[in-house]
1. Tell me, please, whether a residue that is closer than 19 Å to T231 by Cβ, part of a loop (DSSP other than H, G, I, E, B) and of a type in the set (S, T, N, Q) can be found in the stretch 285-294.
2. Condition test on A152, is it near the ligand (Cβ under 10 Å from one of its atoms), touching a residue at least 12 places away in the same chain (Cβ under 8 Å) and surrounded by fewer than 24 Cβ atoms within 10 Å (Cβ to Cβ)?
3. For the stretch 126-138, enumerate the residues that are near the ligand (Cβ under 8 Å from one of its atoms) and either of a type in the set (S, T, N, Q) or touching a strand residue (DSSP E or B) at 6+ places or on another chain (Cβ under 8 Å) (or both).
4. Can you tell me which of (1) in contact with a Gly (Cβ under 6 Å, 6 or more places away or on another chain); (2) under 24 Å from L211 (Cα atoms) is the one E101 doesn't meet?
5. Out of the strands (runs of 3 or more DSSP E) lying entirely within the stretch 175-278, which hold 3 or more residues that are of a type in the set (S, T, N, Q), touching a Gly at 6+ places or on another chain (Cβ under 9 Å) and open to solvent by less than 10 Å² (accessible area, probe 1.4 Å)?
6. Look at S186 and say whether it is over 22 Å from I298 (Cα atoms) and either without any contact (Cβ under 8 Å) to a residue 24 or more places away in the chain or of a type in the set (G, A, S) (or both).
7. Run E157 past the list (1) of a type in the set (D, E); (2) crowded, with 23+ Cβ neighbours inside 10 Å; (3) away from the ligand (no atom under 14 Å from the Cβ) and report the number of the one that doesn't hold.
8. Inspect all residues belonging to the stretch 183-190 and state whether any of them is more than 14 Å from the chain's Cα centre (by Cα), within 16 Å of the ligand (Cβ to nearest atom) and of a type in the set (S, T, Y).
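The values are calculated or read from the model by the stated rules, or taken from the named source; none is laboratory data. Here the structure is a predicted model, which means the values were calculated and not measured. Here the Cβ is made from the backbone with ideal geometry for all residues, glycine too, and neighbour counts use every protein chain on show. Note: areas computed on protein heavy atoms with side chains; ligands, DNA, RNA excluded. Shrake-Rupley method; radii C 1.70, N 1.55, O 1.52, S 1.80 Å.
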Amino acid sequence: MTADPTGRLPQAVGLKALDAAGIEQLMLSLGQPRFRAGQVVRWVHGRGVRSYAQMTDVPAPLRERLVDTLPLPFPEIIERQVSADGTRKYLVRLADGASVECVGLPSSDRLTVCFSTQAGCAMGCSFCATGASGLVRSLGAGEMVDQVRLVAEDYGERVTNAVAMGQGEPFANYEAVLGALRLMNSPDGLGIGARHLTVSTCGLIAGVNRLASEPEQFTLAVSLHSAVQATRNSLMPGVSGTPLPALREALIGYAQATGRRPSLEYALVAGVNDSDEELDALVHFCHGMLVHVNLIPINQVDGTGYRRSESSRLRVFADRLNASGTEASVRAERGADIDAACGQLRQRAEG
Ligand code: SF4
């Protein structure tokens, strides 16, 4: 499947292409009162109905019209892997046949879902299986909400946290991602608290600035992976045009504007970004900023040649950062016995 050069979503995505504002526009264009949009959102995203026929308080002629004009698809699980630690990873097929991955991460008091914002990804990160195969298309807002619902239904539990950290660069699909977060946050939708909804980006500065100006308290995570420009450029070629000082400035601006602390993701790769020089650069980058650094053992992906750093090295990084006044923690690896790295399941299933 190739990328849609127009950026438009396939017709089969139907109502799932729309966010709440889009559904309201649709209802108004059909001559319906504004409140009808809230009813439809409650049925589709609050209750997760799979057909218009189930929307019993929506007038029958409108339901019939919608059936005739706008598909109401729901993704289908085509592969499901369960880790011994409870993590579940899903490969789901969307209405037009594109596939994406999503992951459920349970812990004692939460269920976190990692969802995809695009099928494939154009960013080309060198450690990522998704980046290797390029962008197929961006997802509609409803297709992102559906991934969270699908995981909630599979666990039979309410989802407490969701993070746009699956396939895709969320800020390359900003409008739809924001619409999805709002549907997840809305009491008419999934009712997840805004602070429990996180956007994880490669650090597209325009997106960081834009998120800082949104009224909701969504949280921000930025994949840094190196504070040395040349190393970062080779790990993350999609943002090689972004100078690190400009990213740093944007993050400082974000924290000032929102009063919220962004987190920096740093996946340690042996011999690539785990040297003392890299650590010095990271400490220097973070100094004086309101950030939290998540240190992660990189998920090994066949064909990249990358190896994870020793866990003692992660500890050294964490201790040095904490001693310098930057809060840092080592994130426990989840789903080590399944294809947990972003894009691995899809790559293996699709060859
Ligand atoms: S790590 Fe994320 S942003 Fe980078 S290529 Fe993979 S999916 Fe895209």
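1. No; the residues of the stretch 285-294 include none that is closer than 19 Å to T231 by Cβ, part of a loop (DSSP other than H, G, I, E, B) and of a type in the set (S, T, N, Q).
2. Numbers: near the ligand (Cβ under 10 Å from one of its atoms): no; touching a residue at least 12 places away in the same chain (Cβ under 8 Å): yes; surrounded by fewer than 24 Cβ atoms within 10 Å (Cβ to Cβ): yes.
The answer is no for A152.
3. Scanning the stretch 126-138 gives F127, T130.
4. (2)
5. In the stretch 175-278, no matching strands (runs of 3 or more DSSP E) lie anywhere.
6. Judged against the criteria, S186 is a match.
7. With respect to (1) of a type in the set (D, E); (2) crowded, with 23+ Cβ neighbours inside 10 Å; (3) away from the ligand (no atom under 14 Å from the Cβ), E157 is out only on (2).
8. So far as the stretch 183-190 goes, no, none of its residues is more than 14 Å from the chain's Cα centre (by Cα), within 16 Å of the ligand (Cβ to nearest atom) and of a type in the set (S, T, Y).
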